[in-house]
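Enquirer: Pasting in a structure now, in C-alpha cells, and then I'll have a few things to ask.
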Amino acid sequence: MRITTVPIPNIPFLFMSKGKLAIGLLLILLTLNAYSEPYSPPTGIPAPEFGINETVESIYGSDAYYTHYVDASDVNATDTNNSNGSPAKPRLTIPTTLAAGSVVEVRGGPYSSPTTLTWQMNGTPTAPVFIRGVPSGNRVQILGLSGSSPRLQLDFEGRYFIVENIDFYNKVTISFDPSVEYGTLRNSEVHNPENSTGALNPTVNAQGTHIVIYNNEIHDNVRAANKDNHGVQGGAGGNRIWVLNNTIYNNGGNGFQACNRCNTAPLGIPRFIYIGGNEFYGDKEVAIALKYAEDVIISENRIHDYMLASSTAMVSGIIIGADGYPERVWVLNNEIYRSIRGIRIEEAVDLWMIGNVIYDIEQMAFNIEKTNPNTNIIGNTISNADVFINQDRWTTPILTVSNNIVVNMAGVLNGSHMNIESSQVYSNAAFSNNLFWQNGSDILLNLGGGSSGPYSAFSSTEEFNTASFGNNNIIADPLFVNATNKNFQLQSGSPAIDNGLVSTAYQTFQSTYGIDIRQDAKKLSRPQENGWEIGAYEYSASLLPAPGNLTATAISSTQINLSWSDNASNEDGQTIQYSTDGGSNFSDLTSVSANTTSYQNTGLNASTTYHYRLFSYNGSGNSAYSNSASATTQAQGSTQNTSNNSSSNTASAASGGGGGGFLSGWLLIAMLSISVLRQGEKHFQRHHSNT
C-alpha cells in the first residue's frame with residue numbers, strides 16, 4: 001500500500017460559521033484514508049480477516065457517523081441523563097460497555113481514569129464497535145494518573161472492535177483479554193514522557209484470538225533501571241496475532257517479546273504470530289525476542305540502532321529462543337543494521353532465515369548457541385560485520401548455509417570471518433553456493449577447529465571447491481549497485497546472478513502455510529532470469545533505472561525545491577525520501593506520479609539541513625536510489641524567492657501541466673464537507689432525539 005500525502009490550503013474563511021466541528025470534519029475528509037486500499041501484507045504473512053480495511057465509512061456509510069459523542073473539554077459535557085452525547089451536549093467520559101454497532105467519537109480531553117479500567121466492546125462482523133479519536137490533527141489523550149495512582153491498566157474485552165486515533169500517555173498499559181476475538185488497536189500512540197520511568201510491563205499485551213496491532217507508535221516506555229519494559233508482548237494463549245506497520249522504539253526492554261515462561265501456563269504457548277512491516281530501533285535490549293512461541297513469521301521489518309550494552313540481555317536485532325524454545329520460526333526479508341549482533345539463536349526448532357539484508361554489525365551477523373535442530377541460513381546479504389556466523393558454546397544444530405553473499409567481515413573477535421567451533425556442527429552442516437568477498441584478501445574460516453582454530457585460509461574459488469568446504473561456493477566481488485549507500489542490489493555481470501541453488505525452503509513454507517514466498521527483499525519474484533541469484537536480491541534486466549541529477553535548493557525559511565532527471569519510461573511513480581540527521585536515516589516524504597521531475601517541499605523548519613533522495617517504482621519492484629542532495633533552509637524571516645509562487649507541496653510533470661483547478665477543487669471539497677456535516681446532524685437528530 002502506498003499512501004500519498006495531500007497538502008491542505010489555508011482557507012479557514014470557508015468554515016467560520018460552522019466552528020470547530022466543521023473544521024474537524026473537513027480535516028477528516030481531507031485526510032486520505034490509510035485503510036481505503038486492500039492491505040497488502042509483508043512476505044509470508046496472511047492478511048488479517050478483520051482490523052485493517054474496516055472503517056466507519058465502509059461499514060456505516062459515512063466517516064462522520066457516530067452513535068456516541070464525547071468531549072470532556074466542552075463546558076456542556078455531562079454523563080447525567082446523557083447516554084450517547086451530542087455536539088451540543090457531549091458525554092464527559094468514554095462509555096465502558098458498548099453494544100454492537102456503537103461508534104464512539106472522542107474529542108477534547110485529556111482523559112484520566114482509575115488505576116484499572118475495562119472497555120467491554122461487543123461487536124459483530126457486520127456491526128463492529130469503534131472507539132476513535134479524530135483521524136487527523138492531534139490525537140486525543142488518555143492519561144495515567146500521577147500521585148497515589150500512578151498508572152492506568154486498560155483492559156480490552158469483547159469481540160469485533162477497533163480502537164484508533166488515541167494517544168495513550170504517561171504510564172498506560174493496554175491488555176487484550178485472553179477472551180478477546182477480533183480486536184484491533186491501530187493508528188494510536190502508547191508512550192511515556194521521554195526520560196521518565198514508572199511504566200508497567202509489557203506496554204501492550206496481546207492475548208486472545210485474531211488480534212491486530214497496526215500502524216501505532218509505541219515508545220519510551222521504561223519501568224526502572226535493569227527492569228524489562230517491553231513494547232508489545234505476544235501473551236500466553238495468543239492465537240493469530242498481527243503486529244504490523246508500527247514504529248516501536250526506545251522502550252526499556254524488547255520492542256516485541258513472545259511470552260516468557262508460558263510453556264506451562266494454563267493458556268499455553270502463543271501460536272501464529274506475524275510481525276511485519278514495522279520499524280524497531282533503540283530499545284534497551286532487542287527489537288524482537290522470541291522465548292516461547294510457535295509458527296512465527298518475522299517479515300520485512302526495519303531493525304536498527306541496537307548498540308547500547310545492557311545488563312539484562314545480549315543486545316541484538318533479533319533473539320530466538322533465549323530462555324525459551326520457539327518452533328517453526330521464519331525470518332524473511334528484514335533489514336538489520338547498526339546493532340551489536342544481527343540475529344542470535346538459542347534453542348529453537350525449525351528455524352529459517354531467508355532474504356535478510358544485514359550490515360554494519362559490531363560483532364556477529366548470526367550467533368548460534370545451544371541446541372538448534374534444523375537451522376537454515378539461506379539467500380541473505382551480509383556486509384560489514386565482524387563474523388558471518390559465530391557458533392560457540394554447546395550446540396548440536398543441523399545447519400544449512402546456502403545462497404548467501406558475505407562481504408567485508410572484520411574477523412577481529414575470533415580471527416576468522418566464519419567461526420564454526422564444533423566439529424560435530426561442521427560435520428553435520430551443508431555449505432553451498434555462497435559468495436564471499438574480502439576485497440581480494442583471503443577468506444578465513446574456522447571449520448570445526450575449536451575455540452582457537454586452526455583456521456583455513458582460502459584465496460580463490462578453486463581452493464574452495466577442492467577443500468571439501470561444501471559445494472559451488474565462490475570468492476568474487478558481488479558487484480553491488482552502490483554498497484557505500486547501502487544498495488546491495490546486483491549489477492549486470494555480477495557472479496551472484498544465476499549461480500544460486502533451488503532451495504526446498506520455499507516449497508516447505510508454501511506446503512505448511514499456503515503462501516508463496518518466492519520474492520526478494522524488494523518484492524521482486526524469484527527467479528527472474530535463467531536461475532536463482534545468490535544473496536537477498538534478484539537481478540532483472542528490466543529493472544527500473546534510478547532517477548538522477550537530484551538537486552535541492554532552499555527558497556525560504558520554510559521551503560526547499562527539488563529537481564531531478566526521470567530516467568525511467570515505465571515507472572508507476574516515484575517516492576521521495578528525506579532525512580534530518582545528516583543522511584543516516586531516511587523516511588518517506590511523499591510519492592509523485594510518473595514522469596515527474598520536480599517537487600516543492602514546504603512547511604519546513606528554519607535554519608535546518610534536509611537531505612533528500614528518491615527512487616522509482618512499478619509492479620516489478622523499486623529502482624535503486626538516486627544520488628542524495630541537501631539544502632539548508634534560510635533563517636527565520638528571510639524573504640521567499642518570488643520566482644516560486646507555490647505555497648504548498650506540489651509536483652510538476654516533465655510534460656507540463658498546471659494547477660489552475662487547485663483552489664476550485666478544494667472549494668468543492670469544502671462544500672461537500674458542509675453537506676456531509678448537515679446530513680450527519682440530521683442523522684443524529686433522527687436517531688438520538690431523546691438526548
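The values are calculated or read from the model by the stated rules, or taken from the named source; none is laboratory data. Everything numeric in this text was worked out from a predicted model, so none of it was measured. Heads up, the Cβs are rebuilt from the backbone with ideal geometry, glycines too, and the neighbour counts pull from every protein chain shown. Surface areas here come from the heavy atoms of the whole protein model, side chains and all, with no ligands, DNA or RNA. Shrake-Rupley method; radii C 1.70, N 1.55, O 1.52, S 1.80 Å.
Enquirer: Can you tell which of Asn76, Asn82 is farther than 22 Å from Asp167 by Cα, surrounded by 13 or more Cβ atoms within 10 Å (Cβ to Cβ), in contact with a strand residue (DSSP E or B) (Cβ under 7 Å, 6 or more places away or on another chain) and among the polar types (S, T, N, Q)?
Expert: The match here is Asn82.
Enquirer: Another question about this same structure. Given the criteria open to solvent by 50 Å² or more (accessible area, probe 1.4 Å) and not in a loop (DSSP other than H, G, I, E, B), does Asp155 qualify?
Expert: yes
Enquirer: On the basis of being over 22 Å from Gln207 (Cα atoms), without any contact (Cβ under 8 Å) to a residue 40 or more places away in the chain, basic (Lys, Arg) and in contact with a strand residue (DSSP E or B) (Cβ under 8 Å, 6 or more places away or on another chain), does Arg107 make the cut?
Expert: Considered against the rule, which asks whether it is over 22 Å from Gln207 (Cα atoms), without any contact (Cβ under 8 Å) to a residue 40 or more places away in the chain, basic (Lys, Arg) and in contact with a strand residue (DSSP E or B) (Cβ under 8 Å, 6 or more places away or on another chain), Arg107 comes out as no.
Enquirer: Counting only residues that are at pLDDT 95 or above and open to solvent by less than 10 Å² (accessible area, probe 1.4 Å), how many does the stretch 291-305 have?
Expert: Residues that pass the stated criteria total 8.
Enquirer: If the Cβ limit is 6 Å and pairs must be 6+ apart or interchain, which residue in the stretch 220-232 that is closer than 15 Å to Phe168 by Cβ and modelled with pLDDT of 80 or more pairs with which residue that is surrounded by fewer than 14 Cβ atoms within 10 Å (Cβ to Cβ) and acidic (Asp, Glu)?
Expert: Final answer for the pair search is Asp220/Glu194.
Enquirer: What number of residues within the stretch 29-62 are at pLDDT below 80 and either hydroxyl-bearing (Ser, Thr, Tyr) or assigned to a loop (DSSP other than H, G, I, E, B) (or both)?
Expert: Summing the residues that are at pLDDT below 80 and either hydroxyl-bearing (Ser, Thr, Tyr) or assigned to a loop (DSSP other than H, G, I, E, B) (or both) in the stretch 29-62 gives 8.
Enquirer: If you don't mind, there's one more thing I want to ask. Determine whether Ile368 is assigned to a strand (DSSP E or B), touching a residue at least 12 places away in the same chain (Cβ under 8 Å), of a type in the set (A, V, I, L, M, F, W, C) and touching a helix residue (DSSP H, G or I) at 6+ places or on another chain (Cβ under 9 Å).
Expert: Spelling it out, Ile368 is indeed assigned to a strand (DSSP E or B), touching a residue at least 12 places away in the same chain (Cβ under 8 Å), of a type in the set (A, V, I, L, M, F, W, C) and touching a helix residue (DSSP H, G or I) at 6+ places or on another chain (Cβ under 9 Å).
Matching residues to (1) open to solvent by 50 Å² or more (accessible area, probe 1.4 Å); (2) out of contact with any Ser or Thr (no Cβ under 6 Å at 6 or more places or on another chain):
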{"site": "Glu571", "(1), (2)": "no, no"}
{"site": "Ser584", "(1), (2)": "yes, yes"}
{"site": "Val592", "(1), (2)": "no, yes"}
{"site": "Thr596", "(1), (2)": "no, yes"}
{"site": "Tyr599", "(1), (2)": "no, yes"}
{"site": "Thr608", "(1), (2)": "no, no"}
{"site": "Asn627", "(1), (2)": "yes, yes"}
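Enquirer: Scanning the stretch 464-500 for residues that are open to solvent by 70 Å² or more (accessible area, probe 1.4 Å) and over 34 Å from the mean Cα position of the chain (by Cα), which turns out nearest to Asn414 (Cα to Cα)?
Expert: Filtering the stretch 464-500 for residues that are open to solvent by 70 Å² or more (accessible area, probe 1.4 Å) and over 34 Å from the mean Cα position of the chain (by Cα), the one nearest to Asn414 (Cα to Cα) comes out as Ser468.
Enquirer: Quickly run through the stretch 371-391 and pick out the residues that are part of a loop (DSSP other than H, G, I, E, B) and either in contact (Cβ under 8 Å) with a residue 40 or more places away in the chain or of a type outside the set (Asp, Glu) (or both).
Expert: Scanning the stretch 371-391 gives Thr371, Asn372, Pro373, Asn374, Gly379, Asn380, Asn384, Ala385.
Enquirer: I'm trying to understand the selection: among the residues of the stretch 519-535, which are in a loop (DSSP other than H, G, I, E, B), under 21 Å from the mean Cα position of the chain (by Cα) and not aliphatic (A, V, I, L, M)?
Expert: Asp520, Lys522, Lys523
Enquirer: Would you point out the residue of the stretch 159-171, among those that are free of Cβ contacts under 8 Å to residues at least 40 places away in the same chain and open to solvent by 10 Å² or more (accessible area, probe 1.4 Å), that is nearest to Ile142 (Cα to Cα)?
Expert: Asp167
Enquirer: Same structure, new question: With the requirement that a residue be open to solvent by 30 Å² or more (accessible area, probe 1.4 Å) and touching a residue at least 40 places away in the same chain (Cβ under 8 Å), what does the stretch 119-134 give you?
Expert: Hits for the stretch 119-134 are Pro125, Thr126.
Enquirer: Please verify whether the stretch 309-321 includes one or more residues that are open to solvent by 50 Å² or more (accessible area, probe 1.4 Å) and either under 24 Å from Thr508 (Cα atoms) or among the charged types (D, E, K, R) (or both).
Expert: The answer is no, given that none of the residues of the stretch 309-321 is open to solvent by 50 Å² or more (accessible area, probe 1.4 Å) and either under 24 Å from Thr508 (Cα atoms) or among the charged types (D, E, K, R) (or both).
Enquirer: Here is a follow-up. Filter the stretch 333-360 down to the residues that are assigned to a loop (DSSP other than H, G, I, E, B) and surrounded by fewer than 24 Cβ atoms within 10 Å (Cβ to Cβ) and list them by number.
Expert: Ile340, Glu347 - these are the residues of the stretch 333-360 that are assigned to a loop (DSSP other than H, G, I, E, B) and surrounded by fewer than 24 Cβ atoms within 10 Å (Cβ to Cβ).
Enquirer: Against the conditions (1) open to solvent by 50 Å² or more (accessible area, probe 1.4 Å); (2) in a loop (DSSP other than H, G, I, E, B); (3) out of contact with any helix residue (DSSP H, G or I) (no Cβ under 7 Å at 6 or more places or on another chain), where does Gln510 fall short? Just the number, please.
Expert: Status for Gln510: all satisfied but (2).
Enquirer: Still on this structure, I have one more. Given the structure, is Ser422 out of contact with any Phe, Trp or Tyr (no Cβ under 6 Å at 6 or more places or on another chain), of a type in the set (Ser, Thr, Tyr), touching a residue at least 40 places away in the same chain (Cβ under 8 Å) and buried (at least 18 other Cβ atoms within 10 Å of the Cβ)?
Expert: No; evaluated as a whole, the condition is false for this residue.
Enquirer: Restricting to the stretch 45-58, name every residue that is in contact (Cβ under 8 Å) with a residue 40 or more places away in the chain and open to solvent by 50 Å² or more (accessible area, probe 1.4 Å).
Expert: Glu49, the sole residue that qualifies.
Enquirer: Scanning the stretch 426-444 for residues that are modelled with pLDDT of 90 or more and hydroxyl-bearing (Ser, Thr, Tyr), which turns out most open to solvent (accessible area, probe 1.4 Å)?
Expert: Ser441
Enquirer: Within the stretch 529-539, can you find the residues that are surrounded by fewer than 21 Cβ atoms within 10 Å (Cβ to Cβ) and under 19 Å from Phe480 (Cα atoms)?
Expert: Glu529, Gly531 - these are the residues of the stretch 529-539 that are surrounded by fewer than 21 Cβ atoms within 10 Å (Cβ to Cβ) and under 19 Å from Phe480 (Cα atoms).
Enquirer: For the stretch 205-273, which fully contained strands (runs of 3 or more DSSP E) count at least 3 residues that are touching a Gly at 6+ places or on another chain (Cβ under 9 Å)?
Expert: 209-214, 239-244, 256-258
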